[in-house]
1. Provide the three semi-axes, in whole Å and in decreasing order, of the ellipsoid equivalent to the stretch 39-94 as defined by the square roots of 5 times the Cα gyration tensor eigenvalues.
2. About the Cα centre, and with charges only on the beta carbon of Lys, Arg (+1) and Asp, Glu (-1), how big is the dipole of the stretch 38-153? Nearest 20 debye, please.
3. If you find the alpha carbon centre of the stretch 89-121 and of the stretch 1-74, how far apart are they in angstrom?
4. Can you run the Rg to Rh ratio on the stretch 65-110? Use alpha carbon positions and the Kirkwood inverse-distance Rh.
5. Pick out, in residue order, every one of the GluC sites (Glu not before Pro) in the stretch 58-153 that is DSSP loop and has at most 15 other C-beta atoms within 10 Å; say none if there are none.
6. If you put +1 on each Lys and Arg Cβ and -1 on each Asp and Glu Cβ, how big is the dipole of the stretch 1-93 around its Cα centre, in Debye rounded to 20?
7. Consider all pairwise Cα distances in the chain and report the whole-number % of them above 21 Å.
8. Return the calculated 222 nm mean residue ellipticity for the chain, to the nearest 500 deg cm²/dmol, obtained by summing -39500 (n - 2.57) across DSSP H runs with n ≥ 4 and dividing by the residue count.
Amino acid sequence: MTLNEINDLVKECGSASLGFLDKNGNPSIRRVFSTWHKGLGGHLISTNTSSMHTQTLLENNKACLYFVNCKTFQGVCLTGTATVHFDHEHKAMLWNEGDEIYYSKGVDDEDYCVIEFQADYGRYYSYDNIGDISAEELTEFDKGAVYKNYKTN
C-alpha cells in the first residue's frame, strides 16, 4: 500500500480503535469516531471527559489508533501520543448540531473534550502487503496538512 492509499483508508473509515494502557497497565481498546485528520499522522476525537480512556490518557499519553476496512482486509495501526484538549477552540471545531443530546450544556460542557492523537510511526496491513511507516515518512507526507473533517454522511 502506498501512503496515499493508506490515507484514503483512514479518511473513509469514520471510526477507529483507540488503544491505551489502563490505570493498572493493562491494554484496553475503545471504538471512537475519527473523521478529523491532518494528513496521516494527526487525528482528532471528540469524547467524554469522564470516560475511562480520557482519564487514563491524562496519566499516560501513549496510545495507538487502528483504522481498518474489513471488506478489503486493509488496516493501519498508528502508534504515538494523545493530548486531551479542554479549550473552546478545539471543542467548537468538532461540535456538531445535535451534540446537545450528549452534552446538555453545549460546546463548553465540562464533560466534553477533544483528544488529539499524533502518530510517531505506523504499520499497515493488507491481503497482499505488510509494511512500516517511519516517523520521517509521516512528517514528509503531512507537510502543509491542516485538520479537515472527512465525515462521510
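The values are calculated or read from the model by the stated rules, or taken from the named source; none is laboratory data. Values in this document were obtained by computation on a predicted structure and should not be read as measured data. Methodologically, a virtual Cβ is constructed for each residue, glycine included, from the backbone with ideal geometry; neighbour enumeration extends over all protein chains shown. Side chains included, ligands, DNA and RNA excluded: accessible areas come from the protein's heavy atoms. Shrake-Rupley method; radii C 1.70, N 1.55, O 1.52, S 1.80 Å.
1. Numbers: eigenvalues 110, 41, 24 Å².
Over the Cα atoms of the stretch 39-94, the ellipsoid semi-axes are 23, 14, 11 Å.
2. Details: 9 positive and 18 negative charges, 76 e Å.
Computed charge dipole of the stretch 38-153: roughly 360 debye.
3. 15
4. Numbers: Rg = 15.5 Å, Rh = 13.3 Å.
Rounded to two decimals, Rg/Rh equals 1.16.
5. Working: sites: E59, E89, E97, E100, E110, E116, E136, E137, E140; in loops: E97, E110.
The qualifying sites are E97, E110.
6. Taking the Cα centre of the stretch 1-93 as origin, the dipole is about 160 debye.
7. Across the chain, Cα pairs with separations above 21 Å total 44 percent.
8. Values: 4 runs with 34 residues, N = 153.
After summing the helix terms and dividing by the residues of the chain, the value is -6000 deg cm²/dmol.
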